[in-house]
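Notes for the one structure printed next.
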Amino acid sequence: MNPVFIFQAFATSQEAYVTMNGIHDMGGMHGFGVVPIEDKEPVFHEPWEGRVFGLAFAVNRQGLLNPEGMRLFLESLEPSFYIGATYYEKWLAALQAGLVFKEIITKNEFVNRLESVISDPDMSLDRSEVGEITQKISDAINTHISPVRDVAVEPNFSPGDMVKVKNINPEGHTRLPRYVRGKKG
């Protein structure tokens, strides 16, 4: 992966940000081969993957880009990049695009900084706030937030009810994967 050119992974047309009937909805698709199962697989295969996870967590906790926002950018990746990228390469690309979209950083600022680090890997970085940020992230990770939510809407169905899923083609992100559309269960 060449992080300087990761922005090329994103579709440039607005249409790419609208439909969810693309390669990103892979559930139930055939032809991609066996999914390898790694015995004693580490949480992160490379140190940078842990950093991407931490960055995503920090960005989310600061309210800059929530998981729904991340999904939009993940689902906007060019299909060829999406198929070939690793899990955290996709996360990194989505974070970069999201931070640029939210105007936290410009594309040029990102590319210029990255090029300077690549040209001088031993350059000193300002780490004056690292300890404080690390503690805040650690505290946030270790703070339990219940997934239970109070909602004012009564559910239409009860556990065990037979239902038929609508066969719709929603715009934007959906939690309705293609493989269940139109099915009974």
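The values are calculated or read from the model by the stated rules, or taken from the named source; none is laboratory data. Predicted model, so just to flag it, every value in this text is computed and none were measured. Positions of Cβ are generated from backbone atoms using ideal geometry, with glycine treated the same way; all protein chains shown enter the neighbour counts.
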Completion exercise
All conditions in (1) loosely packed, with under 15 Cβ neighbours inside 10 Å; (2) modelled with pLDDT of 80 or more are true of Leu95 except (1)
Exercise for the section: Check the range 72-82 and report whether any residue there is over 24 Å from Pro170 (Cβ atoms), not aliphatic (A, V, I, L, M) and not in a helix (DSSP H, G or I). Expected result: no
Completion exercise
Only one of (1) assigned to a helix (DSSP H, G or I); (2) modelled with pLDDT of 85 or more; (3) over 21 Å from the mean Cα position of the chain (by Cα) does not apply to Glu132, and that is (2)
Handout entry: Failed item, numbered, when Ile141 is tested on (1) within 30 Å of Asp25 (Cβ to Cβ); (2) modelled with pLDDT of 70 or more
Key = (2)
Problem - Number of the condition not met by Ser119 [criteria: (1) over 29 Å from Gly185 (Cβ atoms); (2) surrounded by 10 or more Cβ atoms within 10 Å (Cβ to Cβ); (3) hydroxyl-bearing (Ser, Thr, Tyr); (4) modelled with pLDDT of 85 or more] - result: (2)
Fill in the blank from the handout: Of the residues in the range 36-60, those that are assigned to a loop (DSSP other than H, G, I, E, B) and either at pLDDT below 80 or within 16 Å of the chain's Cα centre (by Cα) (or both) come to Phe44
Exercise for the section: Return the total of residues in the range 43-86 being farther than 17 Å from Val100 by Cα and of a type in the set (Val, Ile, Thr). Expected result: 3
